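Have a look at the structure below, then the notes.
Throughout, read-outs are computed from the coordinates displayed, never taken from laboratory work. None of the values given here were measured: they were computed from a predicted structure. Every residue, glycine among them, receives a Cβ derived from its backbone with ideal geometry; neighbour counts consider all protein chains shown.
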2 protein chains.
Amino acid sequence: MAKEATRQAIIQKGAKLIHSRGFVNTGIQEIITAAGVPKGSFYFYFKNKDDFGAGVIDHFSDLVISWFEKYSEDHTLPPLARLERFFDDSNHFYEKIGFTCGCPIGNLSQEMSDLSEPMRNKLSDAYGRIRLIMKNCITEAKEQGAVSSKEDADELAVFVLNGWEGALIDMKVSKSIRPLVIFKKVLFEKILTA
Amino acid sequence: MAKEATRQAIIQKGAKLIHSRGFVNTGIQEIITAAGVPKGSFYFYFKNKDDFGAGVIDHFSDLVISWFEKYSEDHTLPPLARLERFFDDSNHFYEKIGFTCGCPIGNLSQEMSDLSEPMRNKLSDAYGRIRLIMKNCITEAKEQGAVSSKEDADELAVFVLNGWEGALIDMKVSKSIRPLVIFKKVLFEKILTA
């Protein structure tokens, strides 16, 4: 494998472990083993575990954004219907995996923001990128009159994204879809309305 | 020190470390050292780290609830004003500690729900206890006409608590009060209204 391909293989296998077990809880040796690369080669690809963490955040961030954009860019639907579909399919996904894992960006933000400044900066950028997609949908909904023109789309995007992240933690702890169902219900009945 | 007092000292010192660094990231040796008890005595007080974790969750749960009840039981104020004051003082607290740590119950729920079933059960109970205080305030607000009588107080409590937990993660990652300010603004303008 070329250097970049091996680096990506380590990131992908590591990301999978980290999503289900956490960053601190995932050892370099386990990552190397999962990626099937020779023992000791980790530091050939990464300066340290934080540098690897930054790569993992880029990977997660690209995944979440490409998933979200699949819905947000579907212009055959009005903007709020796109968001609704995104949340429905996301709920379905979490149901399928037994209400485990949660959002990798939210998880790492909770776990690593106070422990690694380089990782926190990367996570903050990822939040910004996800929020922007949300904001653009809400802005479009405002232009079409589905959300009141008086609303601040950026503030609503902050509130909605954070409400979702919080609902995903409750989902993990309750092992139930209820927090996600309530999130969606209140969101479309009380927040994103004309 | 009597056995129970030593156990409590270990839990309190451990809880402090865990709140700022995470559960997996805090070693038993560090906890024992911080508590000033002899090396190797941890397993005299706890069956294993999960058993210690359950004690830490009880400790955090009692702390969060007694803090919250200080506001929710202040009947000199109307129920929504009590909630508003709780969030204001909580924001002030997080500002003072540099937007670090976050909610210990939310943090452990994110970190440990998929890793320890005994800890998940304890955390789920803690969520239930905190939610009940929130629900009682909202029910009282409904009775006084400050929140529409059509609303489901239990569902709103789920939504509000989760929105707050999500805002606290954004606070940690952005190192800013903005997500907490936006949470409070949207909460009292769009969710908890007549």
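Taking 0.36 nm per intervening residue step and subtracting the Cα-Cα distance, what contour gain separates A:K16 from A:S148 on full extension?
Net length gain for the segment: 43.5 nm.
Which residues make up the longest stretch of chain B clear of trypsin sites (Lys or Arg not before Pro) that lie in a DSSP loop with no more than 10 other Cβ atoms within 10 Å, not counting the sites?
It works out to B:48-149.
So, R0 is 22 Å and r is the distance between the beta-carbons of A:K190 and B:D88; what FRET efficiency does that work out to, to 0.05?
0.50
Taking R0 as 22 Å, what FRET efficiency do you get between B:I97 and A:L115 from their Cβ-Cβ distance, rounded to the nearest 0.05? List each step's numbers first, then the result.
Working: r = 15 Å, r/R0 = 0.70.
In this case the efficiency is close to 0.90.
Find how many whole Å separate the alpha carbon centroid of region A:39-56 from the alpha carbon centroid of region B:31-57.
Here the answer is 33 Å between Cα centres.
Nearest 500 deg cm²/dmol is fine: what mean residue ellipticity at 222 nm does chain A get from its DSSP H runs of n ≥ 4 alone, each adding -39,500 (n - 2.57), divided by its residue count?
Working: 9 runs with 140 residues, N = 194.
Theoretical 222 nm ellipticity from helices: -24000 deg cm²/dmol.
Can you give the FRET efficiency to the nearest 0.05 for B:K70 and A:N48, using r as the Cβ-Cβ distance and R₀ = 45 Å? Working shown, then result.
Details: r = 44 Å, r/R0 = 0.97.
Efficiency at R0 = 45 Å is approximately 0.55.
Calculate how steeply helix A:117-143 sits against the longest principal axis of the alpha-carbon atoms of chain A, using the helix alpha-carbon long axis, and give the answer as 0 to 90 degrees to the nearest 10.
20
What is chain B's relative contact order, in percent, from Cα pairs under 8 angstrom and six or more apart in sequence?
21
What does the charge dipole of region A:49-191 about its Cα centre add up to, to the nearest 20 debye, if the Cβ of each Lys and Arg holds +1 and the Cβ of each Asp and Glu holds -1?
Dipole about the Cα centre, nearest 20: 480 debye.
First check a/c for the protein assembly as shown, with a ≥ b ≥ c the square roots of the eigenvalues of its C-alpha gyration tensor; if it is under 1.5, answer rounded, and if not, answer prolate when a/b is larger than b/c or oblate otherwise. Provide the component values of the computation, followed by the final result.
Details: a/c = 2.06, a/b = 1.11, b/c = 1.86.
Note, shape of the protein assembly as shown comes out oblate.
Determine the sum of side-chain charges near A:I28: Lys and Arg each +1, Asp and Glu each -1, restricted to other residues whose C-beta is under 11 angstrom from that of A:I28. Provide the component values of the computation, followed by the final result.
Details: positive: A:K39, A:K49; negative: A:E30.
Surrounding charge for A:I28 is +1.
Report the Cα centroid-to-centroid distance between region A:139-159 and region A:68-122 in angstrom, as an integer.
Region A:139-159 and region A:68-122 have Cα centres separated by 20 Å.
Over 18 Å between Cα atoms: which of B:K122/B:K172; A:K49/B:K13; A:K190/B:K190; B:K13/B:K49 fall into that group?
Numbers: B:K122/B:K172 24 Å; A:K49/B:K13 28 Å; A:K190/B:K190 6 Å; B:K13/B:K49 14 Å.
Result: B:K122/B:K172; A:K49/B:K13 exceed 18 Å.
Report, to the nearest 10°, how far helix A:3-21 tilts away from the longest principal axis of the Cα atoms in chain A, using its own Cα long axis and a range of 0 to 90°.
Its long axis makes an angle of about 60 degrees.
Using only the alpha-carbon atoms, how far is helix A:153-174 inclined from the longest principal axis of chain A? Give it as 0 to 90 degrees, nearest 10.
60
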